[in-house]
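One structure is given here, and the rest of the page talks about it.
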Amino acid sequence: MFESHHNVVEMVGPIEPKAEVFKPCDVKYTDYTPCQEQDRAMKFPRDNMIYRERHCPPEEEKLHCLIPAPKGYMTPFPWPKSRDYVHYANVPHKSLTVEKAIQNWVQFQGNVFKFPGGGTMFPQGADAYIDELASVIPIADGSVRTALDTGCGVASWGAYLMKRNVLAMSFAPRDNHEAQVQFALERGVPAVIGVLGSIRLPYPPRAFDMAQCSRCLIPWTANDGMYLMEVDRVLRPGGYWILSGPPINWKTYYQTWKRSKADLQAEQRRIEELTESLCWEKKYEKGDIAIWRKKVNDNSCQRKSANTCESNDADDVWYKEMNTCITPFPEVTNAKEVAGGELKKFPARLFVVPPRIAMGLVEGFTADSYQEDNKLWKKHLNAYKKINKLIGSARYRNVMDMNAGLGGFAAHLESPKSWVMNVVPTIAKNTLGVIYERGLIGIYHDWCEGFSTYPRTYDLIHASGVFSLYQNRCKPEDILQEMDRILRPEGTVIFRDVVDAIHKIRRIAEGMRWDAKIMDHEDGPLVPAKILFVIKQYWVGNTGNGTSSGK
């Protein structure tokens with residue numbers, strides 16, 4: 001896998017004690033999600049879905065072992081076959097095939113699950129559903145690139161949007177519909193464990209071109225419309241919101257939904273009132289689907305004593321409570337101007353200077369430094385591809401950048417073969433809005449905690465400067481164990497950091513069943529940064545006392 005003509009560096013330093021060997025966890029932890037565990041969740045209040053939110057273990061309850069893969073684990077099918085087929089051994093949970101049998105979500109066939117592309121509100125398949133949306137929303141021309149799927153199920157909407165060059169961020173809680181998000185990621189579709197509860201969503205304002213709720217069971221009229229206000233915060237001016245499911249088409253379904261006509265009619269009327277106060281205009285309602293468009297600015301809004309959020313900091317979201325207030329539009333100078341800046345159509349928007357940088361809204365970055373950053377990441381990525389020829393191929397479908405900066409790594413990797421979850425650490429400069437303006441997706445996260453995903457959901461992880469950033473904040477072995485949890489067997493990690501951090505990472509990695517090689521920086525051995533390439537060995541949990549490796 002590694003090309004030998006690159007300088008593999010032998011690190012020479014003081015003789016240190018042998019690296020700690022991390023033992024495998026018990027097989028009962030195969031699907032362990034540290035911050036969304038069922039037993040811990042049940043100790044929290046049920047109202048507003050608080051118990052389904054992130055609740056991370058205290059230091060004394062953290063697992064200091066390696067999460068095993070299930071027996072028989074296999075590398076997922078390559079995309080696009082993975083969209084439709086998943087190895088049963090990788091996600092051995094059949095409950096959804098029974099619960100959702102008539103809704104065409106997922107079927108069990110021999111040793112694989114088949115995903116026919118159906119959903120509760122689109123039994124004819126996601127393609128037909130998206131075609132109907134595209135009759136109203138300009139999905140085909142690159143105007144719509146980033147989408148949010150609230151309560152996504154197995155993420156068939158996001159899976160079928162991909163061939164239309166739209167990237168959807170899908171989320172669903174870890175709940176009694178076992179492994180929804182795990183299925184989505186196993187299929188090669190972006191998804192995280194998440195819920196609209198009491199805490200703000202981990203995305204910046206004006207992030208998404210389109211958002212949808214397809215029978216997502218979110219009570220949009222509850223809490224004075226707080227959940228709709230949160231969707232509005234993350235929806236770009238000019239963006240679209242799709243609601244398919246209750247209460248839309250209540251005249252047809254009220255008996256199926258076991259609700260009264262009056263109740264459903266009142267709920268729809270309240271949604272209409274809320275959307276009007278948010279400055280959204282209804283564009284379409286037919287059958288099971290209703291579509292609203294957020295106005296490009298608030299010049300023509302008829303807001304009746306709307307409660308506007310006082311704080312300008314709509315970006316401050318990590319563990320912050322949701323408020324019942326409306327995020328103000330950025331100011332404009334004329335009636336046609338798009339609040340917050342107009343975006344080019346994708347893919348042009350990938351490399352042009354994003355509005356947030358052009359307007360000087362991102363501390364420490366200018367149009368010039370943005371262009372320099374792009375050049376730098378082009379060079380870095382070319383160097384990575386020379387070391388590992390599989391980067392950029394379909395072998396690495398689900399990719400994560402743990403410290404994404406302006407998204408340069410993801411921008412230069414952009415192709416239908418893969419997608420990148422761009423993580424902006426909560427202690428780094430807040431650049432996530434820029435990443436979305438480029439037509440990429442990402443999330444805020446604190447790497448001292450577990451990530452909101454299942455084990456074995458990423459093929460390639462890129463970690464540039466992560467360990468320097470978190471120096472003295474939490475233990476490097478805790479971050480590395482979390483990386484191991486979310487990395488697939490035979491997956492790859494690329495570390496780029498100062499030589500001391502790389503040395504420390506390599507030592508810990510020796511006890512983690514990782515094969516590691518240190519390389520010189522692409523500008524030569526005198527540069528004080530190094531690159532560490534790691535491949536996670538294949539091994540699975542064993543019902544006995546040991547673990548088994550090999551295939």
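Within the set 252, 275, the sole residue that is surrounded by 15 or more Cβ atoms within 10 Å (Cβ to Cβ), of a type in the set (S, T, N, Q) and part of a helix (DSSP H, G or I) turns out to be 275. A search for C-beta distances below 6 Å between a residue of region 385-414 that is closer than 23 Å to residue 184 by Cβ and any residue that is among the basic types (Lys, Arg) and not in a helix (DSSP H, G or I), counting only pairs 6+ apart in sequence or on different chains, returns 394/417; 407/438. Residues in region 124-152 that are among the hydrophobic types (A, V, I, L, M, F, W, C) and either farther than 30 Å from residue 434 by Cβ or part of a helix (DSSP H, G or I) (or both): 5 in all.
So that you can scan it fast, the table gives a plain yes or no per residue for (1) in contact (Cβ under 8 Å) with a residue 60 or more places away in the chain; (2) closer than 24 Å to residue 455 by Cβ:
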| site | (1), (2) |
| --- | --- |
| 53 | yes, yes |
| 58 | no, yes |
| 74 | no, yes |
| 108 | no, yes |
| 123 | no, no |
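Within region 39-72, being surrounded by 12 or more Cβ atoms within 10 Å (Cβ to Cβ) and within 24 Å of residue 542 (Cα to Cα) holds for 62, 63, 64, 65, 66, 67, 68, 69, 70, 71, 72.
Answer with yes or no whether residue 149 is at pLDDT 95 or above, touching a Gly at 6+ places or on another chain (Cβ under 6 Å) and farther than 22 Å from residue 36 by Cβ. No, not satisfied.
Listed by first and then second residue, the pairs linking a residue in region 489-500 that is assigned to a strand (DSSP E or B) to a residue that is among the acidic types (Asp, Glu), with Cβ atoms under 6 Å apart and 6 or more places separating them unless they lie on different chains, are 491/459. Condition test on residue 396, is it among the aromatic types (Phe, Trp, Tyr), within 29 Å of residue 34 (Cβ to Cβ), open to solvent by less than 10 Å² (accessible area, probe 1.4 Å) and in a helix (DSSP H, G or I)? The answer is no for residue 396. Taking the condition modelled with pLDDT of 85 or more and more than 27 Å from residue 396 (Cβ to Cβ), does residue 87 pass? Considered against the rule, which asks whether it is modelled with pLDDT of 85 or more and more than 27 Å from residue 396 (Cβ to Cβ), residue 87 comes out as no. Quick one: which of 265, 302 is surrounded by 14 or more Cβ atoms within 10 Å (Cβ to Cβ) and of a type in the set (S, T, N, Q)? The conditions single out 265. Mind checking whether some residue in region 479-499 is more than 29 Å from the chain's Cα centre (by Cα) and over 25 Å from residue 59 (Cβ atoms)? Yes, region 479-499 contains at least one residue that is more than 29 Å from the chain's Cα centre (by Cα) and over 25 Å from residue 59 (Cβ atoms). A Cβ distance below 8 Å, combined with a sequence gap of six or more or placement on separate chains, defines the contacts here; from region 515-539, residues that are touching a residue at least 24 places away in the same chain (Cβ under 8 Å) reach residues that are open to solvent by 20 Å² or more (accessible area, probe 1.4 Å) and of a type in the set (Phe, Trp, Tyr) in the pairs 517/2; 533/2.
Residue pairs whose Cβ atoms lie under 6 Å apart, separated by 6 or more positions or on different chains, with the first residue in region 309-331 and within 20 Å of residue 208 (Cβ to Cβ) and the second open to solvent by 40 Å² or more (accessible area, probe 1.4 Å) and in a loop (DSSP other than H, G, I, E, B), are 315/430; 318/426; 325/307; 329/298.
The values are calculated or read from the model by the stated rules, or taken from the named source; none is laboratory data. Being a predicted model, the structure only gives us computed values, none of them experimental. Here the Cβ is made from the backbone with ideal geometry for all residues, glycine too, and neighbour counts use every protein chain on show. For the accessible areas, the whole protein counts, side chains as well, though only heavy atoms, and no ligand, DNA or RNA atoms are used. Shrake-Rupley method; radii C 1.70, N 1.55, O 1.52, S 1.80 Å.
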